[in-house]
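The values are calculated or read from the model by the stated rules, or taken from the named source; none is laboratory data. In this text the structure is predicted, and so the values were computed from the model without any measurement. Every residue, glycine among them, receives a Cβ derived from its backbone with ideal geometry; neighbour counts consider all protein chains shown. Calculation scope for accessible area: heavy atoms of the full protein, side chains included, ligands and nucleic acids excluded. Shrake-Rupley method; radii C 1.70, N 1.55, O 1.52, S 1.80 Å.
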Amino acid sequence: MFKVNWGRIAIYVGALTLTYALSTQVDALKGLTLPATVLVAFLTIGEVILALRGKTWAFMTGLLGATLAALSIPVEWKVPASMTVLGGGIALMAPKLRKHSRFARGLGLLLGLYGLSGIPPLDAVGSVFSYAGLFLFLGYSVAELGERYPWTEPVERNLLGLGALGAILGLYAAVRGTLSESHPELVFYGEWLVLLLGVITAGSMVYSYISEKDPEKYLLSQWKKHEAKTVERLGPELAEASRAVEDFVVRGRKGPLLTFIAYYGSRLFDDRKRFGALVEKIADYRERQTSRLTPLWIRHAYERRELERRIRIVEEVFEELRTLMGWES
């Protein structure tokens with residue numbers, strides 16, 4: 001059903017009107033009227049596209065508007081700013097893509113970080129961002145081959161480490177380049193700083209590897225917080241799937257849950273296409289990997305987020321399955 005959110009459009013127009021009103025009183029805001037107009041125009045179009053085509057196309061429209069708005073800001077570094085906005089948007093949108101999501105994420109990070117390298121005062125150490133972006137792009141490009149080449153898994157697990165390695169090399173390039181010209185007496189200390197960061201990075205990887213524990217115990221404790229509510233949502237007809245659900249939510253094992261769904265789906269001869277799309281939500285699930293560099297508390301945050309993501313997938317799939325089986329209350 002076509003339904004535009006007029007409330008959000010009113011907020012956009014109100015913000016634009018306020019910007020114009022303030023620009024007549026504050027000279028510094030006059031340069032923002034054109035970017036604000038461009039951004040509001042695309043956000044408004046995005047609301048219409050959201051009603052017609054969905055969130056992905058609306059996000060792309062808003063991203064295009066934000067990029068063009070940044071490009072119209074009256075400053076010398078508007079091109080790097082627009083690259084940063086575009087790259088950041090692509091990186092955020094990448095996980096929603098059906099194909100080449102890792103390559104898109106790497107490209108977005110490359111554009112975004114390269115843009116940051118040209119924004120003052122960050123341009124003094126711009127090579128830190130540009131090198132990190134390049135290494136991340138190469139890492140994500142290799143990870144894109146993961147389904148065909150098993151040897152890419154260590155690369156995917158250490159994407160954060162690759163970015164850190166690129167940043168350290170970029171810092172060394174900045175130290176050797178910028179400092180050798182402006183403050184040559186500080187080059188020695190800069191090189192030692194880079195060496196120290198390299199040792200810390202290597203030490204973090206070794207410590208993470210040695211102290212790594214099986215996350216199942218932690219994930220089970222997190223699952224217990226959601227289990228009762230999730231099983232209740234499954235309904236009495238699907239309560240017997242609770243063990244398969246736990247296997248998927250806690251351990252990421254898709255086999256038992258797919259077997260259970262296929263058993264019930266064998267009765268759904270009328271709507272095979274819809275049932276196939278339902279199974280794909282679980283079959284296509286791929287857990288987001290963390291780097292050896294990731295501290296344990298950050299890794300726990302990632303694991304908890306992945307567990308909650310799997311819970312949402314289960315709830316969506318079983319809600320749809322109940323509809324297909326005619327078990328709606």
Subset of Lys55/Lys96; Lys96/Lys254; Lys254/Lys281; Lys30/Lys78 violating a 18 Å alpha-carbon distance limit: Lys96/Lys254
Overall Cα dimensions of region 14-117, principal axis frame, Å, largest first: 49, 37, 12
Centre separation in Å (Cα based) which lies between region 47-83 and region 116-138: 22
Trypsin sites (Lys or Arg not before Pro) within region 21-119: DSSP coil, no more than 15 neighbouring Cβ in 10 Å: Arg98, Lys99
Residue-level accessible surface for Tyr20, protein heavy atoms, 1.4 Å, Å²: 100
